[in-house]
Amino acid sequence: KSGEPVADALKVQDAFRKVFEVNKHRVVFISTEQHVKLQRNHFMDDPFFREFFVNPRMNQPHTQKRTGLGTGFVLSEDGYICTNHHVVAGVEKVKVNIDSAVYDATVIGSDERTDIALLKINPKEKLEPVFLGDSSTVRVGDWAIAIGNPFGLDRTFTVGVVSAVGRKDLDLMGDSQAHIQTDASINPGNSGGPLMNIYGEVIGINRMIYSETGGNIGIGFAIPVNTARAVLDEL
C-alpha cells in the first residue's frame, strides 16, 4: 500500500510545520556591538619610518566597531530572554529583534562556565514564551529541531536527530558539562537558539559545533534545558 508511507510522511511534515508556526514568534534575533582597540603600528618605533613613511595619525590610538550575531528565545511575557554567555560576553550593546521590532536589551546575568545568559527587554506588548521540555527524557534517535539565525538568516528551521546524549569534555578548558549532540544543521549565528523536540518543546540551547572549516559538518552540541533552567533561576 504505497499510500501509507506517504501518509506517514505527511504527518511528520505537518508536525514540523506546527513546531515552526508555534515557535516562530518565540525565537529572537540578537545583534551585539563592541569597540576594540587596534594594535599600534610598530613602524612608529623606527624614527626613519615615522618621519618619511608613516602618517602621523597612525600613531593615535583608535578603535574599531565589531558586531556579532546570535539567537535567543523568550522565557516570559514581560521580556526575559535566554541566550549563550559567549553571544553577549564583553559587548557594549545588545539588541533583540522580535518580528521586526527592535529592543535594547540588558544583560541581567551571565554564567561563563555553563555558557548561559539571561537578558531583559521591555516589550510593547506581552510576548509568547517557549515551552520548556525535560532533557532527562531525551534519547538517541529522537527528532531534533533547531530554529535560529545562522549567518544572519532570520528564523532558519533545520531538522535532524539526537546523535548522542551526555557528551562531555568538549571544551579546550576541560569542561565536564554534559551536552546533547545533534546533526541538525547549526552554524555561526545559531548560538543561543533553541533545540526542540517533535512536540515543539525546548530540550536544549544550541551552543557550539565541531568543525575544522567553521561550517556545519553534522556535529553540533546543545546545553540540556534542565541545566539551563537551574542556571537561569539563579541568574
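The values are calculated or read from the model by the stated rules, or taken from the named source; none is laboratory data. Remember, it's a predicted structure, so these values are computed and weren't measured experimentally. Cβ placement follows ideal geometry from the backbone for every residue including glycine, while neighbour counts extend to all protein chains displayed. Just the protein is used for accessible areas: all its heavy atoms, side chains included, with ligands, DNA and RNA removed. Shrake-Rupley method; radii C 1.70, N 1.55, O 1.52, S 1.80 Å.
Which distance in Å, rounded to a whole number, links the C-alpha centroids of region 89-135 and region 194-209?
That distance is 16 Å.
Which cross-chain or sequence-distant (5 or more) residues have an amide H under 5 Å from the amide H of Leu132, H modelled 1.01 Å from N in plane?
Residues meeting the amide H criterion: Val202.
Sorted by average packing, counted as other Cβ atoms within 10 angstrom per residue and highest first, what order do 139-150, 13-24, 157-168, 224-235 take? Mind showing how you got there, number by number?
On the way: 139-150: 20.4, 13-24: 14.2, 157-168: 15.9, 224-235: 17.6.
Per-residue mean Cβ counts within 10 Å order the peptides as 139-150, 224-235, 157-168, 13-24.
Return a single number: how many Lys pairs in region 72-211, at a sequence separation of 8 or more or on separate chains, have alpha-carbon atoms below 22 angstrom apart. Please list the in-between numbers first.
Values: Lys93/Lys120; Lys93/Lys124; Lys95/Lys120; Lys95/Lys124; Lys95/Lys126.
Lysine pairs meeting both conditions in region 72-211 amount to 5.
Tell me, what is the per residue accessible area of region 103-210 in Å², probe radius 1.4 Å? It would help to have the intermediate numbers written out before the result.
Numbers: 5150 Å² over 108 residues.
Result: 48 Å² of accessible area for each residue.
What nm value, rounded to one decimal, do you get for the distance between Lys18 and Ser100 when each label is placed 7 Å out toward the C-beta?
Here the modelled spin labels are 2.9 nm apart.
Ignoring any ligand, DNA or RNA, what whole percent of the accessible area of region 63-143 comes from carbon and sulfur when the probe is 1.4 angstrom? Walk me through the numbers before you get to the answer.
On the way: 2020 of 4400 Å².
Of the solvent-accessible surface of region 63-143, carbon and sulfur hold 46 percent.
Using modelled backbone amide H atoms (1.01 Å from N, in-plane), which distant-in-sequence or interchain residues come within less than 5 Å of Leu195's amide H?
Ile203, Gly204, Ile205, Asn206
With a ≥ b ≥ c taken as the square roots of the eigenvalues of the C-alpha gyration tensor of region 62-127, please select rounded if a/c is under 1.5 and otherwise prolate if a/b is larger than b/c or oblate if it is not?
On the way: a/c = 2.24, a/b = 1.31, b/c = 1.71.
Oblate, because a/c is 1.5 or more while a/b does not exceed b/c.
Per-residue HN-Hα couplings for region 108-113, Karplus 6.51 cos²θ - 1.76 cosθ + 1.60 at θ = phi - 60°, whole Hz, x for Gly and Pro?
6, x, 8, 10, 5, 4
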